[in-house]
1. Given R₀ = 45 Å, what would the calculated FRET efficiency be for residue 117 paired with residue 178, taking r from the Cβ atoms and rounding to 0.05?
2. Take the alpha-carbon positions of the chain, form their convex hull, and give its projected area averaged over all directions (one quarter of the hull surface) in nm².
3. For segment 176-185, take each phi angle, set θ = phi - 60°, evaluate the Karplus expression 6.51 cos²θ - 1.76 cosθ + 1.60, and give the result in whole Hz per residue in order, putting x for glycine and proline.
4. Apply the Debye scattering formula to segment 150-229, with a single equal point scatterer on each alpha-carbon and no solvent, then give log10 I(q)/I(0) at q = 0.21, 0.23 Å⁻¹.
5. What does a probe at residue 223 reach in segment 60-96, counting residues whose amide N is under 19 Å from the point 7 Å along Cα→Cβ?
6. Suppose only helical runs count, i.e. DSSP H with n ≥ 4. What mean residue ellipticity at 222 nm does that imply for the chain under -39500 (n - 2.57) per run, divided by all residues and rounded to the nearest 500 deg cm²/dmol?
7. Along the positive direction of the dipole of the chain (beta-carbon charges: Lys, Arg +1; Asp, Glu -1; about the Cα centre), which of 47, 99, 146 reaches farthest?
8. In whole percent, and with a 1.4 Å probe on the protein chains, what portion of the accessible area of segment 59-161 is carbon and sulfur?
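The values are calculated or read from the model by the stated rules, or taken from the named source; none is laboratory data. Note that the structure is predicted; figures quoted are calculated from it, not measured. Every residue, glycine among them, receives a Cβ derived from its backbone with ideal geometry; neighbour counts consider all protein chains shown. Note: accessible area is taken over every heavy atom of the protein model, side chains too, but ligands, DNA and RNA are not part of it. Shrake-Rupley method; radii C 1.70, N 1.55, O 1.52, S 1.80 Å.
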Amino acid sequence: MSTAEQQQPHGTPGTPSDALLGPADIRELAAALGVRPTKQKGQNFVIDANTVRRIVRTAEVRPDDVVVEVGPGLGSLTLALLEAADRVVAVEIDDILAAALPATIEARMPRKKDRFALVHSDAMLVTELPGPAPTALVANLPYNVAVPVLLTMLDRFPSIERTLVMVQAEVADRLAARPGNKVYGVPSVKANWYADVKRAGSIGRNVFWPAPNVDSGLVSLVRRTEPVRTSASKAEVFAVVDAAFAQRRKGLRSALAGWAGSAAAAEAALVAAGINPLARGESLTVEEFAAIAEHKPADALKPAL
């Protein structure tokens, strides 16, 4: 028997439902690999098969989908995705987990092993994926990198139409917040640049090993059918967003002074965009931030001498 085979939980899966990992399977596999989940890596493995099935249902994964998963860990969600999708591409940064995952797939769902691909890399560094272009992103994202990973994947892979991510509840609230909400901020606006965003449910702590100290939330992102209408680039719009929320308690005339070159120049840009200079960033839509970006003063574009 190979080392990979020895690392698999006991028993041969007989039906698709048997293929999913339960609490005993997860702990046995982790022990065989010498894996101990760490807070530094944001590792909290899902140990409940019903939860991963729920995630797949909520994500509306279709039989023709090519799903990319970030941070597959020991493969709990990966197996459930393989049941429902045409293909799954998993991006894993951890050396041990990346090495073990293909063997887990082959042992527990051999009929789908050719429909699975692994990319051993930091998701922030991935610029291309093997096989057909991904149509969906479904992931249990590590809490400490959830927002940058999500925004990077949406930016680099425009073929992703639907996304469902499990993140810390607080992050989920921020991503899905609407203008005027006290937690509306940079993640809210930037996510909305790419997609229509909404909360899609809550996840308790007891479905994870180890159990985190916070609750989790599901966030659904459906790619905009049409991009934000603006002559400004994404980078130009995001620069306004970053400036506005860097001093979120100030009115935009003051908050955007550095961006525009002066408070007076910021006011002129805001008035030209049809925005009240005394308004705060938390009240603006992504379209309004784009309108401000379109009116950046010409002097602000010149490099300092």
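1. On the way: r = 37 Å, r/R0 = 0.82.
Once the sixth-power term is evaluated, E becomes 0.75.
2. Working: hull surface 68.8 nm².
That works out to 17.2 nm², a quarter of the Cα hull's surface.
3. Coupling constants for segment 176-185: 8, 5, 9, x, x, 6, 5, 9, 5, x Hz.
4. Relative scattering, expressed as log10 I(q)/I(0), comes to -0.93, -1.05.
5. Residues 60-70, 85-91 qualify, since their backbone N sits under 19 Å from the label point.
6. On the way: 15 runs with 124 residues, N = 305.
Calculated from helices alone, the mean residue ellipticity at 222 nm is -11000 deg cm²/dmol.
7. Most positive-ward Cα: 146.
8. On the way: 2100 of 3970 Å².
Of all accessible area on segment 59-161, carbon and sulfur atoms account for 53 percent.
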